[in-house]
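Colleague: Handing you a structure now.
The values are calculated or read from the model by the stated rules, or taken from the named source; none is laboratory data. From a predicted model like this one, the values you see are computed outputs, not experimental measurements. Cβ placement follows ideal geometry from the backbone for every residue including glycine, while neighbour counts extend to all protein chains displayed.
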Amino acid sequence: MNIVIISYRISGNDGVSIECVHWRNILERMGHKVTFVAGELDQEGILLPELHFKLPQVAGIHRRVVYSNESYQKVERVIFDIAGMLEGRLRQLFRNGVRPDLLIVPNVFSIPMHFPLAVALARTVKEFSIKTLARHHDFWWERERYNKSEMFQFFDHWFPPKEENIWHTVINSLAQKELEKRTGIIAPIIPDTFDFENNELNRMDEYSKHFRQDFGIEESDFVFLQATRIVPRKRIELSIELLSKLNQSNSILVINGTEGDEEKGYLKKLKKMSEVLGVRAKFIGGRVDSRRKIIAGKRVYTLWDCYLNSDFVTYPTEVEGFGNQFVESMYFKLPLIITPYEVYRADIAPLGFDVIEMQNEVTDDVLERVRELSTDSERKINMVNHNFEVARKNLSYNVVETKIINIFKNMGIS
């Protein structure tokens, strides 16, 4: 089949972009042709900047819908004006040789970051009778800022739209239940994934060997990796507190994400906190991307390079749709320190992983378990090997491929 994956952004190391690449890999090995279309791309594909939610007009609409008290009718007119322009671009795209047999839409119909795109895409899908699979990583009702909006009428109609040629998937059981409760839509679960059969990504090579030296990290240092974006709901302050209480001079926290747009000033707060507590912390997001490159004589590393050069992963997140960093930690065989967020408790913990659970504070028990794994290599090896096998059996490409095949059968395609 000719499959198009269309999104706001397929670029960098955010969860949606990472999963788009995983799905492309799976679909291509199934024999399908996959094309990316997005407003921001660092992969091969078709770039349509007007699909990005950061465009001034689109961001302005988002602010009006989420934070103002304007009437639904007044804002709707502006949304539909821009949606009409986008429909023209999509018609042009689909008529000029890129018309897909299947359209996969990650999160555009889930979180209303780009209101006109959701409208335009739903109407174009209906006009062209394109079979569409909407993949929902999280929903608007899970975000506090949307629950304060006056635009529920608009949300209910378009996020997600209820069209006969649009099928739906979610990434966790809680979203599955809430989606059915709110809309009557029954969506199968396809969780975050990784290629556990790939033996190449977890091997250090000549490029990744420079990582520690480039960032001033000694070979004898214990690296705790915070592999998330820098936003408050990731609770990175708990990772800083952890290293402060460990009080080990050879421990260092590496944060490889960049600051998100949810609360400006959080990065500055974290830098100040690490300085006050005397925690060695490296904020390296400016030199981590989805692909290796050299810019101005300096190496830019991938997320995988970060894992290869780490000893632990800290994941004190408050909420996740599933957990890319959890799955990645299992593949790279690193001990994980996690706060048990809701989806983890519901869908991940029952699978039988062996991780260090930390509630909302750093306790003596957590510190003791971290110190144990720092010195007991046999215990650490047994833990990470066990976790790798559990993840391989439940979260691998093979598992996801089987689920996709079943969905395609229900959609009447192959």
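Colleague: Here are the criteria: (1) buried (at least 23 other Cβ atoms within 10 Å of the Cβ); (2) in a loop (DSSP other than H, G, I, E, B); (3) more than 17 Å from the chain's Cα centre (by Cα). Tell me which single one Phe322 does not satisfy.
Modeller: Checking Phe322 against (1) buried (at least 23 other Cβ atoms within 10 Å of the Cβ); (2) in a loop (DSSP other than H, G, I, E, B); (3) more than 17 Å from the chain's Cα centre (by Cα), the one that fails is (3).
Colleague: Right, another one. Out of Arg291, Arg280, Arg345, I need the residue that is in contact (Cβ under 8 Å) with a residue 60 or more places away in the chain, surrounded by fewer than 19 Cβ atoms within 10 Å (Cβ to Cβ) and either in contact with a Lys or Arg (Cβ under 7 Å, 6 or more places away or on another chain) or of a type outside the set (Phe, Trp, Tyr) (or both). Which one?
Modeller: Arg291
Colleague: Next question. Go through (1) in a helix (DSSP H, G or I); (2) under 19 Å from Glu200 (Cα atoms) for Leu334 and report which single condition fails.
Modeller: All conditions are met except number (1).
Colleague: When the stretch 204-237 is examined, which residues are found to be free of Cβ contacts under 8 Å to residues at least 24 places away in the same chain and of a type in the set (Lys, Arg)?
Modeller: Matches in the stretch 204-237: Lys209 only.
Colleague: For the stretch 371-378, state whether one or more residues are in contact (Cβ under 8 Å) with a residue 12 or more places away in the chain, within 27 Å of the chain's Cα centre (by Cα) and either assigned by TED's automatic domain parsing to the domain that holds Phe322 or part of a helix (DSSP H, G or I) (or both).
Modeller: No: the stretch 371-378 contains no residue that is in contact (Cβ under 8 Å) with a residue 12 or more places away in the chain, within 27 Å of the chain's Cα centre (by Cα) and either assigned by TED's automatic domain parsing to the domain that holds Phe322 or part of a helix (DSSP H, G or I) (or both).
Colleague: Cβ-Cβ distance below 6 Å, separation of 6 or more or different chains: which pairs start in the stretch 1-22 with a residue that is touching a residue at least 60 places away in the same chain (Cβ under 8 Å) and end on one that is assigned to a helix (DSSP H, G or I)?
Modeller: Pairs found: Ile3/Leu27; Ile5/Cys20; Tyr8/Leu51; Ser11/Ser17; Asn13/Leu303; Gly15/Asn324; Ile18/Asn324.
Colleague: Further question on the same structure: Can you say whether Ile18 is of a type in the set (Val, Ile, Thr), assigned by TED's automatic domain parsing to the domain that holds Phe115 and farther than 19 Å from Ala134 by Cα, as far as the supplied structure shows?
Modeller: no
Colleague: Yes or no: the stretch 212-221 includes at least one residue that is surrounded by 15 or more Cβ atoms within 10 Å (Cβ to Cβ), in a loop (DSSP other than H, G, I, E, B), in contact with a helix residue (DSSP H, G or I) (Cβ under 7 Å, 6 or more places away or on another chain) and of a type outside the set (Lys, Arg).
Modeller: The answer is no; no qualifying residue exists.
Colleague: Can you run down the residue pairs with Cβ atoms below 7 Å, 6 or more apart or on separate chains, where the first is in the stretch 81-98 and closer than 18 Å to Ser129 by Cβ and the partner is part of a helix (DSSP H, G or I) and among the small types (Gly, Ala, Ser)?
Modeller: From residues that are closer than 18 Å to Ser129 by Cβ, the pairs are Glu87/Ala120; Leu90/Ala120.
Colleague: Among the residues of the stretch 260-291, count how many are of a type in the set (D, E, K, R), within 19 Å of Ile18 (Cα to Cα) and modelled with pLDDT of 95 or more.
Modeller: Of the residues in that region, 1 qualify.
Colleague: If I go through the stretch 28-68 residue by residue, how many of them are outside any strand (DSSP E or B), aromatic (Phe, Trp, Tyr) and under 25 Å from Val4 (Cα atoms)?
Modeller: Counting residues in the stretch 28-68 that are outside any strand (DSSP E or B), aromatic (Phe, Trp, Tyr) and under 25 Å from Val4 (Cα atoms) gives 1.
Colleague: Okay, next question. All but one of (1) more than 20 Å from the chain's Cα centre (by Cα); (2) crowded, with 17+ Cβ neighbours inside 10 Å hold for Tyr72; state the number of the condition that does not hold.
Modeller: Checking Tyr72 against (1) more than 20 Å from the chain's Cα centre (by Cα); (2) crowded, with 17+ Cβ neighbours inside 10 Å, the one that fails is (2).
The rows are residues; the columns are (1) over 20 Å from Phe159 (Cα atoms); (2) under 19 Å from the mean Cα position of the chain (by Cα); (3) polar (S, T, N, Q).
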residue	(1), (2), (3)
Met1	yes, no, no
Arg24	yes, yes, no
Met30	yes, no, no
Lys33	yes, no, no
Leu47	yes, no, no
Val66	no, no, no
Arg91	yes, no, no
Asp101	yes, no, no
Pro106	no, yes, no
